[in-house]
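Student: There's a structure below that I have some questions on.
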Amino acid sequence: MRLARVIALTAALLGAFSVCAHANLLTNPGFETGDFTGWTLSGNTGFTGVSTGTAHSGTFAAFLGAVGSLDFLSQTVPTTPGQSYAISFWLLSDGGTPNEFDVEFGGVTLFDQHNIPQQGYTLHTVVGTATAATTVVAFSSRDDPGFLWLDDISVDPVGRVPAPMTLLLVGAGLAVTATLRRRRSA
């Protein structure tokens, strides 16, 4: 009976004190501020903005309709050199061509599509590896006759690393369990 109580207490402590080391690194990843707060917009910014009505989730999404050349939407995030990061995003295309959509992480192109056919919001995920303590994630696009829509972007470390408190509590729980087993068998 004591062992069951110790296990229950350890589980409760793990739930109460564990810290998840996996979190979206972006500011305003779904444009829910109603603008590009946290983002840097450059290049051909005509027909590019944030609007309601065509969001994947929430209220807002970015519409990207630069004509003739690319717009650029970027943000610098804290990273760990050598760590891989998953960049996920929801993209909608009205099917007008020519269009183009690219994703770069630290200057490396991870996604480059031209003339994307009409599609509803589609989830895309690419993986890049950081080479510095900060990394620029950048999206570039154009859609001469219409718009691409971008929403719900995330940049997350690949894999979850247990937080130090979680490891400490698991170790303490295992030590208590081993002690109780030794006492019971003695």
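Read the figures in this text as sums done on the coordinates, not as results from a lab. The structure displayed is predicted, hence computed values, not measured ones. In this analysis, Cβ positions are derived from the backbone assuming ideal geometry, glycine residues included, and neighbour counts consider all displayed protein chains.
Student: Could you compute Rg(Cα) / (2.2 N^0.38 Å) for the range 24-159, with N its residue count?
Tutor: Compactness ratio reported: 0.98.
Student: Per-residue counts of other Cβ atoms within 10 Å, averaged by peptide: what ranking do you get for 125-132, 112-119, 152-159, highest first?
Tutor: Highest to lowest by the protection proxy: 152-159, 125-132, 112-119.
Student: Here is a further query. When only DSSP loop residues count, what chymotrypsin sites (Phe, Trp or Tyr not before Pro) in the range 16-114 have their Cβ near at most 16 other Cβ atoms within 10 Å?
Tutor: Phe47
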